[in-house]
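Structure incoming, see below.
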Amino acid sequence: MRTLSTIAGLAALALTVTACGGGATTLAEPSAGSGAPTAANTIVIGTANFTENVTLGHVYAGLLKSKGYEVTVKPNLGSREVIFPALQSGDIDMLPEYQGSLLLHLDKAGKAADGDAQAAELKAKLPAGLKLLPYAPAQDKTIWMVTRATADKHGLKSLDDLKKVTGQLVYGGPPEDKTRRIGLVGLKEVYGTEFKTFRALDAGGPLTKAALRKGDIDLANIFSSDAEISANDWVGLEDPQRLQPDENVAPLVREQKADAKLTAAMAELNAKLTTEELIKMNHKTDVEKEDPEDVANAWLKAVGLVS
Amino acid sequence: MRWSWFPDHADDLSALALQHLQMTVLAVALGVAVAVPLAVLAHRVAWVRGPVLSLTSVLFTIPSLALFILLLPFTGLTRTTAVIGLTVYTLVVLVRNTVEGLGAVPPHVREAARAMGYGRTRVLLAVELPLALPVVMAGVRIATVMTISLVSVAGFIGQGALGQLFIDGFQRAFPEPIVAGIALTLLLALVADVALVGVQRLLTPWTRR
Amino acid sequence: MGLLQQILGWFTQAGHWSGPEGLPVRLLEHLEYSLLSTVAAALIGLPIGLYIGHTGRGAFLAINLSGFGRALPTVGLVTLVFLVSGLSIWPVYVALVVLAVPAIVTNAYAGMAGVEPELRDAARGMGMTGWQRLWQVEVPVALPLILTGVRLAAVQVVATATIAAYVSFGGLGRYLFDGLAQRDLPQVLAGAIAVAVLAVVTDLCLAALQRTLLPRGLRLRRAAAT
């Protein structure tokens with residue numbers, strides 16, 4: 001009897017899953033609600049679940065507040081897979097994005113490597129209702145890194161050198177690196193190297209850094225603006241074929257919010273937001289453990305964007 | 001441990017704790033609203049009981065991450081999504097305890113009520129449910145404590161309340177927010193449990209000796 | 001193509017059944033984490049539950065502490081232990097054991113507390129020592145509830161062991177986290193279904209085991225009662 005009713009329960013569950021699932025076949029499906037129109041001067045900024053993005057969200061917020069907007073920041077909302085649909089449905093209005101990754105999110109085959117080419121491609125590929133504003137010089141590029149010891153042992157300077165140790169190293173990166181071009185596929189295609197094993201970690205986050213420190217992996221995905229690189233003396237491998245795209249920071253906004261005033265404010269920000277400044281802010285939050293919001297506001301004042 | 005971090009962030013922490021509490025209360029209240037009618041049905045209609053109890057326990061085993069992802073296309077990246085998910089996980093305890101409580105009402109009590117001319121609905125509302133209340137409330141207490149500990153999994157969709165502190169601490173290799181999150185979660189569970197014991201006493205004066 | 005067909009398609013694809021990332025290996029990893037955690041939790045929880053049930057000492061404290069333990073957020077524990085231990089499997093085991101202990105302690109205690117005082121007195125009257133009373137009278141009578149506690153704990157552990165993938169380890173949780181990162185919804189749901197099925201199967205197996213382990217005397221008593 002118990003077994004029977006369990007099966008009945010499972011069957012009912014399966015029915016619910018299909019009923020709810022309907023046509024949703026990818027995670028990028030937008031939610032049903034089409035963003036209700038909101039007052040023009042209110043902005044909800046969402047951020048992904050890593051600290052630099054949270055800080056950038058607060059930088060946008062601090063600047064827009066000084067221009068008279070009413071701003072709410074929703075930090076640490078999740079990964080891009082989860083947040084992007086929320087932008088489309090109007091749960092949030094604005095998101096600090098990275099052009100290279102965003103392009104790959106929208107087009108798995110996207111190959112544009114530099115900021116201008118990416119911006120042009122993105123213009124064509126962004127879903128209706130979304131607008132990407134001009135990008136900042138600040139970049140947070142993914143770089144394939146090894147420890148100093150590994151680099152010395154195998155004489156590694158560039159990704160080209162990986163051919164010498166094909167099949168010997170352990171690759172550690174986010175789960176998607178296993179199947180996408182900027183990962184195992186591209187490294188094999190472009191640099192002719194393969195790996196002993198692949199270890200699914202995170203995108204340059206605490207898992208990847210811990211694994212590289214501990215020696216569980218040899219080659220890791222690390223963000224170029226990470227404040228821990230110099231502390232650990234990690235070595236970034238050169239990428240002569242430009243497999244890793246540029247990753248300039250750019251605000252992704254719902255079109256109805258992207259008026260001239262907001263665009264102008266973001267252009268002012270772009271004049272100041274360089275990679276060096278980004279690394280400085282990351283150092284404050286990640287190493288000195290200051291609050292992202294405080295770091296953002298202090299930076300805005302220091303560079304004179306907010307008085 | 002940087003002790004000054006805690007008082008410096010008292011405002012943020014209390015805001016998150018309040019949000020945590022709101023989500024818990026919403027989820028458990030919704031859970032009761034769904035579970036009690038289901039349990040009454042299962043109590044009255046014998047063949048419904050097995051499937052209802054099994055369905056709720058199967059729902060309980062679905063990983064929360066998958067449940068949230070399933071809900072995202074419908075309710076978006078909102079607190080609603082988190083609360084619906086949390087409600088689903090309260091059902092197993094609430095339904096089981098309500099069915100048990102109703103089943104433990106002595107038949108002669110029920111019969112006496114019928115003999116006094118009570119209709120079925122009145123028997124349910126005036127006799128069976130009040131007598132089942134202690135067991136139902138025991139379920140509510142378990143469900144509440146469980147929900148308080150589960151809210152943090154909604155951090156995957158940015159709605160983790162105190163659980164947001166875990167993400168922050170994890171990303172920055174910073175134990176202070178994590179410790180604060182765990183301590184406040186425990187404190188919240190303690191306060192909620194004591195409050196529920198009080199509510200139960202008020203609702204069932206006859207159990208006091 | 002409907003979502004259900006896609007999930008079915010995922011399960012019927014041969015590649016998902018072999019290799020280090022195939023279902024059998026992921027399932028075994030998941031079982032390894034779950035089994036070791038449940039056993040460790042039983043080794044910790046059963047002596048505590050039996051001790052307080054047998055002596056009646058510390059019951060209030062133990063029951064409240066384990067109620068408290070139920071409130072410990074698993075994600076928080078995993079991240080905190082990760083910061084201390086670095087990248088290792090320890091965060092997973094600590095969190096799962098902490099998750100499992102309360103149910104085991106409270107049910108073992110409830111089982112022991114439910115042993116009729118007459119029975120204890122009779123055993124004492126027969127001249128049994130404390131040790132004999134524990135093993136020959138109290139534990140056998142309390143066994144159904146003791147095992148219920150282990151069963152509840154095991155099911156909860158199986159459903160929660162997906163957390164291992166959160167800190168880069170294996171188990172069925174990999175399909176959830178990899179599927180999310182690779183934007184492959186069928187993979188996420190296939191993983192979720194596998195976890196749910198494993199938890200239900202665990203529950204059924206332990207229920208069957210519980211029936212087999214039930215002492216004959218108790219079975220007779222139950223039969224007489226109904």
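About the Cα centre, and with charges only on the beta carbon of Lys, Arg (+1) and Asp, Glu (-1), how big is the dipole of the stretch A:142-236? Nearest 20 debye, please.
For the stretch A:142-236, the charge dipole is close to 220 debye.
By its C-alpha gyration tensor, with a ≥ b ≥ c as the square roots of the eigenvalues, how is the stretch A:142-236 shaped: rounded for a/c under 1.5, else prolate for a/b larger than b/c, else oblate?
oblate
So which chymotrypsin sites (Phe, Trp or Tyr not before Pro) in the stretch A:72-169 are both in a DSSP loop and have at most 16 other Cβ atoms within 10 Å of their Cβ?
Answer by residue number: there is no such site.
Moving on to the next point. Please give every one of the aspartates and glutamates within straight-line cross-link reach of A:K163, meaning a C-alpha to C-alpha distance under 13 Å, and leave out same-chain neighbours fewer than 8 residues apart.
Within reach: A:E189, A:E194.
With a 1.4 Å probe and all protein chains left in place, how much of the accessible area of the stretch A:142-236 comes from carbon and sulfur atoms, in whole percent?
Using a 1.4 Å probe with all protein chains present, the stretch A:142-236 comes out at 49 percent carbon and sulfur.
Oh, and also: As a test of the formula, what do you get for chain B when each DSSP H run with n ≥ 4 contributes -39,500 (n - 2.57) and the sum is divided by the residue count, at 222 nm and rounded to the nearest 500 deg cm²/dmol?
About -26000 deg cm²/dmol.
Of the candidates C:A199, C:A190, C:A122, which one comes out as most mobile in a Gaussian network treatment of chain C with C-alpha springs shorter than 10 Å?
Residue with maximal mean-square fluctuation among C:A199, C:A190, C:A122: C:A122.
In the stretch B:169-209, which residues have a backbone nitrogen under 17 Å from the label point lying 7 Å from B:R2's Cα in the Cα-to-Cβ direction?
Only B:169-181 fall inside the zone, counting backbone N under 17 Å.
Over the heavy atoms of A:K74, what accessible area does a 1.4 Å probe trace out, to the nearest 10 Å²?
Approximately 70 Å² for this residue.
Give, rounded to the nearest 20 debye, the magnitude of the charge dipole that chain B has about its Cα centre when Lys and Arg contribute +1 at Cβ and Asp and Glu contribute -1 at Cβ.
In debye, rounded to 20, chain B gives about 940.
Per residue, how many Å² of accessible area does the stretch C:72-226 show with a 1.4 Å probe?
That works out to 39 Å² per residue.
Loop-only chymotrypsin sites (Phe, Trp or Tyr not before Pro) in the stretch B:1-75, please: DSSP not H, G, I, E or B, and at most 12 other Cβ atoms within 10 Å.
Filter output for the stretch B:1-75: B:W3.
What is the spin-label model distance, in nm, from A:D259 to C:V39 if the labels are put 7 Å beyond Cα along the C-beta direction?
6.7 nm
Which FRET efficiency value, to the nearest 0.05, is calculated for A:K67 and A:N232 with the Förster distance at 35 angstrom and r the Cβ-Cβ distance?
E(calc), rounded to 0.05, equals 0.35.
Further question on the same structure: With +1 on the Cβ of every Lys and Arg and -1 on the Cβ of every Asp and Glu, and nothing else charged, how large is the dipole of the protein assembly as shown about its Cα centre, in debye rounded to the nearest 20?
The dipole of the protein assembly as shown has a size of about 3040 debye.
Mind giving me the FRET efficiency for A:N41 and A:D152? R0 is 35 Å, r the Cβ-Cβ distance, nearest 0.05 is fine.
0.05
Now, a different point. For the pair B:A10 and A:E288, how long in nm is the line joining their label points, each one 7 Å along Cα→Cβ?
Rounded to a tenth, the inter-label distance reads 2.5 nm.
Based solely on its DSSP helices, what 222 nm [θ] is calculated for chain A when runs of n ≥ 4 H residues each add -39,500 (n - 2.57) and the sum is averaged over all residues, nearest 500 deg cm²/dmol?
-11500 deg cm²/dmol
Find the sum over both chains of the accessible area lost when B and A are paired, probe 1.4 Å, and report it in Å² to the nearest 100.
About 2500 Å² of accessible surface is lost on pairing.
Any idea of C:F169's accessible area? Nearest 10 Å², probe 1.4 Å.
40 Å²
Run the quick spin-label model on C:R120 and C:L218: label points 7 Å from Cα toward the beta carbon, then report their separation in nm to one decimal.
1.7 nm
Right, another one. Quick one: net charge around C:L213, please, counting Lys, Arg +1 and Asp, Glu -1 for every other residue with C-beta under 12 Å from its C-beta.
The answer is +4.
Summing +1 for each Lys or Arg and -1 for each Asp or Glu, what net charge is found among the other residues whose Cβ lies under 13 Å from the Cβ of C:V157?
-1
Going by accessible area, probe 1.4 Å, with all protein chains left in place, what is the ranking of A:D93, A:D294, largest first?
Order by accessible area, largest first: A:D294, A:D93.
If we count every other residue with Cβ under 10 angstrom of C:R174's Cβ, Lys/Arg +1 and Asp/Glu -1, where does the sum land?
Taking every other residue near C:R174 into account, the sum is -2.
The values are calculated or read from the model by the stated rules, or taken from the named source; none is laboratory data. None of the values given here were measured: they were computed from a predicted structure. Virtual Cβ from ideal backbone geometry, glycine too; neighbours counted across all protein chains shown. With ligands, DNA and RNA removed, areas are computed over all heavy atoms of the protein, side chains included. Shrake-Rupley method; radii C 1.70, N 1.55, O 1.52, S 1.80 Å.
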